[in-house]
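Heads up, the thing below is written out as structure tokens.
The values are calculated or read from the model by the stated rules, or taken from the named source; none is laboratory data. Note that the structure is a prediction, hence the values are computed from the model and not measured. Note that each Cβ is placed from the backbone with ideal geometry, even for glycine, and that neighbours are counted across all protein chains shown. Surface areas here come from the heavy atoms of the whole protein model, side chains and all, with no ligands, DNA or RNA. Shrake-Rupley method; radii C 1.70, N 1.55, O 1.52, S 1.80 Å.
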Amino acid sequence: IWIFHGFYAEEKLVGDLANMSTSERIKAIQKMPEAMRKKRDIRNKVLREIAKKSRPGRTQLSCCTQSLEGARVSFRRFGSSLSEYFHQLRIFHKALKIIGAEFGTSVLSYFIFLKWLLTFNIFSFLINFSFITIPQFIAAEPNNLSFTGLELITGAGYFQQTVLYYGFYTNATISIAEHGPSYNMQLAYFFTVGIYFLICFLILLFSMGKSFCRNFINPQTYPGNASKLLCTWDFTITNERTVKLKQKNLSTQIKEDLMEVNREVVTFSVRERAVRVVIHLAAWAASLGTAVAACTGVYFLSINNLELFVKGYANNLEGQAAMLVLPVVVSLLNTFIPFFYSWLGHLERFQTPGQHIYVTIIRNIVLKMSVVGILCYYWLKVVAASESQCWETLVGQDIYRLVLVDFVFCLLGSFFGEFLLRVIGTAASEGWGRPEFDIGRNVLDLIYAQTLTWIGILFSPLLPAIQMTAFSIVFYVKKVSLRMNCQPPQKVWRTAQMTTSFLFLLFFPSFLGVLSVIGVTVWSLKPSADCGPFRGLSFMYTAVYEWVKTLENLTDFRWVAWIYHNLITSELFFFVLSTIAL
């Protein structure tokens, strides 16, 4: 009887689903508390039921129509299966679940941001490699320099004559056959970089808008406390380890929500407020003074560094070591000064962990963006006007060393900043315990590294491949260090708006500042006369201007020239476009 009842219920369910529209049927199947295999079986039965109902009318359909509909159903099944397959292969999915369950959403937001940047760099590498590097392989000349191994650290020597740097790329039009299609490397280089930054701009705007809408405008549309407690358990979970992980994850989320609701408002007397204001002002004065001193030191060190290169550039050991002085000093400043900022934050005793993190992030962004600004001034005003034969390659080498040394210091920071503190904290008689994961410092390390990568794309097109590898290693090192050396935040708190703040900081000042640097380079600086795809031109943008002049003489392509003159060079068009975007 029970078997017959279950069979009848399933037949009724299949009949009801077959009578629904396609979108309603998909949503209904997704909401079923059944295993994925059971859902797939129900879906297949529904599709067969629909096919049976439509069979009498198919006698009037043509063979072509039936074939098209069969192909449509098969393609939909294939797409669904492929989507399920990629869903299971999502990168770092299991690691993120464990981190969120053990350390809460505040620490999880850092790893989600790191994963997002890693995906971003994979996309960057694929674009540059496909449209710039692969065509260059066809026209590449043999590299006569010897490889010693030091190039992996300094980025100089053998790498100068490879596709890693701007100076190696040709300015010729590449063609495989004598009368076959041609490939203009000047236009390919310019438009690949330009379109890439346009896509980045749109992706960042869309991501910020989506995150802002989810966390600020419509937060009530997402599950609250009651629904988390009563409706979020997945009854298809049978693995004991997965059950415990899910329980821990839900427990952490409910604690965060309760802490947000039950947060106490501390009142201070007039004297206590005055003391707190003085402490805050002193901390800000100390942080800003430190940033100014660091920028001053970086600037004078950069000038001395360029004099060494111009006067006595050699491939000996002393010359190789001299190249690493600037990136090592910059990385030392970017590594140890944030620890000083974190110490200042503990002295200020903020009421909530969120206030502490946001203030630390602001101080770090001032420091790191100021250092990057000084370096950009040095590259665009000093190096570009120097006697170097290929100043673009020199800038690319500087950025390569900065990215590589910053990656090494990031790994060392996990050792000295987390492992040693854990050893000292557990061995000390006072019982400090394990340190907490410093979200602000680690997030700004990511933004700084991504800013360098964006600046370096014009001078070193394959730099995203290096950063992609670095971010992958950083993810696993930080994950292991977090679980071995750090403790969960003592004050559990919800960070729904944290990801939005990270994206905003990545957009401004990082991405918009990079666009300013690229704009000055393309429209205001004269390219090197003996290297690179824009050699012999007054500016990099001159390549587009000459191309448009050529198109004006071709009847079939005059519409491109019209778009250039009436839209691309129109200030009104960009004003309207920026107004719509913002």
Review point. Calculated FRET efficiency, Thr296 and Leu420, Cβ-Cβ r, R0 51 Å, to nearest 0.05?
Key: 0.95
Exercise for review: With label points built 7 Å along Cα→Cβ from the Cα atoms of Glu387 and Trp562, find their separation and express it in nm.
Suggested key: 5.3
Review point. So for Leu512, Leu503, Leu577, what's the accessible-area order with a 1.4 Å probe, most first?
Key: Leu577, Leu512, Leu503
Exercise for review: Distance from a point 7 Å along Cα→Cβ of Phe340 to each backbone N in the stretch 279-298: keep the residues under 13 Å and list them by number.
Suggested key: 283-298
Review point. Taking a label point 7 Å from the Cα of Lys52 along the Cα→Cβ vector, which residues of the stretch 13-45 have an amide N closer than 18 Å to it?
Key: 13-20, 41-45
Practice item. State, to one decimal in nm, how far the label point of Ile176 lies from the label point of Phe504, with both points 7 Å from Cα in the Cβ direction. Key: 5.0
Exercise for review: Calculate one ³J(HN,Hα) per residue across the stretch 471-477 by plugging θ = phi - 60° into the Karplus curve 6.51 cos²θ - 1.76 cosθ + 1.60, and present them in order as whole Hz with x for glycine and proline.
Suggested key: 5, 5, 5, 4, 4, 6, 5
Review point. Got a number for the accessible area of Lys115? Probe 1.4 Å, square angstrom, nearest 10.
Key: 60
Check your understanding: Does anything in the stretch 339-353 have its amide N under 20 Å from the 7 Å Cα→Cβ label point of Phe268, and if so which residues?
Key -> 341-353
Review point. Looking at the stretch 379-467, which GluC sites (Glu not before Pro) are DSSP coil and have at most 15 other C-beta atoms within 10 Å of their C-beta?
Key: Glu387, Glu430
Check your understanding: So if R0 is 25 Å, what FRET efficiency would Arg214 and Arg40 give, r being the distance between their Cβ atoms, rounded to the nearest 0.05?
Key -> 0.25
**Study point:** Simple spin-label estimate for Thr352 and Leu126 in nanometres, 7 Å along Cα-Cβ
**Key:** 3.9
Exercise for review: For an R0 of 45 angstrom, estimate the FRET efficiency from the Cβ-Cβ distance between Tyr545 and Leu412 and round to the nearest 0.05.
Suggested key: 0.40
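How many Å² of accessible area per residue for the stretch 113-182, probe 1.4 Å?
52
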Review point. Across the stretch 326-342, in residue order, what do the Karplus-derived ³J(HN,Hα) couplings come to in whole Hz, using 6.51 cos²θ - 1.76 cosθ + 1.60 with θ = phi - 60° and x for Gly and Pro?
Key: 4, x, 5, 5, 4, 5, 4, 5, 5, 8, 8, 5, x, 5, 5, 5, 5
Review point. With θ set to phi - 60° and the Karplus curve 6.51 cos²θ - 1.76 cosθ + 1.60, what are the ³J(HN,Hα) couplings of the stretch 278-295 in order, to the nearest whole Hz, using x for Gly and Pro?
Key: 5, 5, 4, 5, 5, 5, 5, 4, 5, 5, 5, x, 5, 5, 5, 5, 5, 5
Review point. If amide H atoms are built 1.01 Å from N in the plane of the peptide, which residues on other chains or at least 5 residues away come under 5 Å of the amide H of Ser175?
Key: Tyr183
Check your understanding: Can you tell which of Val371, Thr451, Cys410 lies farthest toward the positive end of the dipole of the stretch 366-492, using +1 and -1 charges on the Cβ of basic and acidic side chains (Lys, Arg; Asp, Glu)?
Key -> Cys410
Review point. Of the accessible area of the stretch 539-581, with the probe set at 1.4 angstrom, what percent is carbon plus sulfur?
Key: 69
Review point. Non-local amide H neighbours of Gln487 (under 5 Å, H modeled in plane, Pro and chain starts lacking H): which ones?
Key: Glu436, Phe437
